[in-house]
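Single-structure report; data block below.
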Amino acid sequence: MLHQVSVEREGTEAPGATAAASREPSILDYYRRDDPDLFAKCRAFSSEAVQGMRERGLWERLYRVTVIGGLDHRIRVFNPVRGREEEMVCFDSNSYLGLHRHPRVLEAAAAAMAEVGYGTPSAQVLCGTNRHLRELEEAICRFHGREAAMVFPTGYGANVGTLTALLRRDDLAARDRFCHASIHDGIKAAGTRHGFVYPHRDLAALDAWLSRPRDPRQGAMVATDGVFSMHGDLADLPGLVAVARRRGARLLVDEAHSTGIVGPHGRGLEDHFGLPGSIDVLVGTCSKALGTTGGYVCAPREVVEYLRFFAHAGLFTAAPPAHLCAGLVAAFRVLEEEPWHREALWRNVRAFVPALERAGLVVSGAGSPIVTVFVGSTRLLWAWSRRLFDAGVKCGTVAYPAVPPDEAILRLAVNARHTPEDLGRAVEVLGELAAEFGVAGKTPAEIGAIGDTLPGEVLQ
Ligand SMILES: Cc1ncc(COP(=O)(O)O)c(C=O)c1O
C-alpha cells in the first residue's frame, strides 16, 4: 500500500490526486470519511482495504511479514503462502553500514546494559541523563562539529519536538513536498497558520513564497530532508542556505539518510557540499546508518537549552536507555575510524544502479543508498511486489500518498553487507519482470500506460 502513511494528509495533497484516487482507491479515502462513529473508518478500512489486500495475497507478503532472527542483507521470514521459513535478499534495512551488528557497538551496548540495567525510565531533565547519554551528546557534537545536541527517543520525535517548540501559530513554515512525515506532522502539530509545501527541490517557488511581505514579528522556518527518504535524491543545500539567509528564515535539515553515508567523511550534506556549520537546526536519526533507534537535534547552545524544556517529544518521555546510548557512542566512533564500511556501501550502490539500468529499468541516480525503480501505476506495483516476494526479494513498495499519484516506486535500500550475489539476484528478478511486462527500455510515461492497462488477473 504505502510506506509512509501520513506524508500527505490534509491540505497538502499532490496535484492530480483526485483524478488518480478515482481510479485506484487511496488510504486517504478512509481517513477522510465522515461518520459520527470514530471507528467507522476503521471498520471500512479493515473490511475493504485490508481484506482486499488479503485476497490479493499482499497483506501478509508486504505488511505483516514475520522476520525470524536479525535484519540484514539477507533475512529469514515465515512465508505465509508456502507455510514455511525462507531466506530472502533484503532491501528494507536502513542500517546502511551494518553497524547494528558491529562487534564494537555490541560490546559497548552489552557492557552498559550490565552496568546500568536495560532501561533508564526517567525523563532526561529528571534522572534520565546518565553518563552514557552525556557521552552520546558529546559524540554527536564532535561528529557534526556543533556546540550542543539534544537526544530524543526517535528521529520522528526529534522533528516533531523541535518544530512544535520553535514554531508559533503566526510563524511561516515551508517544507519540501517530499520530506518525511515527521516534518509534515511537526509543522501541523505546531498549528502554524502560514504553511507552504513547495514543489520538490523548487527553490524558486520557495524563494517567491518567502519574499512576500510579512509582519516583522513573524519568524520563518524552511524544513527539508537532506537525502529524501523515499526517492534518495539530495536537497540542494547551497541553494537552501542562500534562500533562507536572503529571506531571514531558519533552515532545518533532517540528515536521517545522509549521516554516516554522504560526503567524503560521511558527515552528511554539509560535508558533501563543503558547507560546514551551514544548517541552523540539524536533525539526525539513529535508526539508519547508526543501526538502532533514537534521534537528535544539533543547534546553537541556547536553542538546545530551550528545546530541553519546550520540545515535548523529548521532555515528556523517558530518556533513551543507557545501553543504546553507549552503543551509539561506539557507532559514531566506527563512523569516524572505519571508513571501509562506507566504501563498501558506495561500491555496492555504484555497481547496482547501472546493472538495474542495463536490465531496462528506470532507476534513480546513485547519489545515496536509496535506489528506486519507477513502476508508475499501483496496479503494476502490486503485481511486481507479489512476484518479488515470491522470488525471495524483499523491498519497499511506495504508492500514493507517500509519492504523487501514478508515480509508484520500488524502494531498494542498499547496504554495505550486500554481496554481489544479493545484488545480482535483485537485478535478475527485476529484469525478468521488466521483460515479461514489456517495461524494459520504456519511458516513465510508457510504463505508466502499461500498468494502467494490466488485466485484473495479474493481481489475483
Ligand atoms: C527522513 C526521515 N526523518 C525521520 C525519520 C524518523 O526516524 P526514526 O525512525 O528514528 O523515528 C525517518 C524514518 O523513516 C526518515 O526517513
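Would it be correct to say that residue 106 is assigned to a helix (DSSP H, G or I), within 26 Å of the chain's Cα centre (by Cα) and touching a residue at least 60 places away in the same chain (Cβ under 8 Å)? Full working, then the answer.
Numbers: assigned to a helix (DSSP H, G or I): yes; within 26 Å of the chain's Cα centre (by Cα): yes; touching a residue at least 60 places away in the same chain (Cβ under 8 Å): yes.
Against the criterion (assigned to a helix (DSSP H, G or I), within 26 Å of the chain's Cα centre (by Cα) and touching a residue at least 60 places away in the same chain (Cβ under 8 Å)), residue 106 qualifies.
Among the helices (runs of 4 or more DSSP H) contained in the stretch 255-328, which hold 2 or more residues that are assigned by TED's automatic domain parsing to the domain that holds residue 232 and in contact (Cβ under 8 Å) with a residue 60 or more places away in the chain?
Details: elements: 269-272, 301-310, 312-315.
So the answer is 301-310, 312-315.
Which of the residues spanning the stretch 136-179 are within 16 Å of the ligand (Cβ to nearest atom) and closer than 19 Å to residue 322 by Cα?
Answer for the stretch 136-179, where residues must be within 16 Å of the ligand (Cβ to nearest atom) and closer than 19 Å to residue 322 by Cα: 136, 140, 149, 150, 151, 152, 153, 154, 155, 157, 158.
Please determine whether any residue of the stretch 193-210 is surrounded by fewer than 16 Cβ atoms within 10 Å (Cβ to Cβ) and farther than 22 Å from residue 239 by Cβ.
yes
Quick one: which residue in 159, 130 is within 24 Å of the chain's Cα centre (by Cα) and touching a residue at least 60 places away in the same chain (Cβ under 8 Å)? Before the answer, list the steps.
On the way: 130 fails: within 24 Å of the chain's Cα centre (by Cα).
From the options 159, 130, the qualifying one is 159.
Tell me, which residue of the stretch 77-111 that is loosely packed, with under 15 Cβ neighbours inside 10 Å and among the basic types (Lys, Arg) is nearest to residue 284 (Cα to Cα)?
Here the residue is 101.
Being touching a residue at least 24 places away in the same chain (Cβ under 8 Å), assigned to a helix (DSSP H, G or I) and aliphatic (A, V, I, L, M) is the filter here; which residues of the stretch 336-367 pass it?
If the condition is that a residue be touching a residue at least 24 places away in the same chain (Cβ under 8 Å), assigned to a helix (DSSP H, G or I) and aliphatic (A, V, I, L, M), then 344, 345, 349, 351, 355, 356 are the ones that fit.
Out of the stretch 74-92, which residues are in contact with a strand residue (DSSP E or B) (Cβ under 6 Å, 6 or more places away or on another chain) and part of a loop (DSSP other than H, G, I, E, B)? Talk me through it step by step, then tell me what you get.
In the first step, residues of the stretch 74-92 are kept if they are in contact with a strand residue (DSSP E or B) (Cβ under 6 Å, 6 or more places away or on another chain); the result is 74-79, 85-92.
If the condition is that a residue be in contact with a strand residue (DSSP E or B) (Cβ under 6 Å, 6 or more places away or on another chain) and part of a loop (DSSP other than H, G, I, E, B), then 91, 92 are the ones that fit.
The values are calculated or read from the model by the stated rules, or taken from the named source; none is laboratory data. Keep in mind that this is a model prediction, so the values were computed, not measured. Virtual Cβ from ideal backbone geometry, glycine too; neighbours counted across all protein chains shown.
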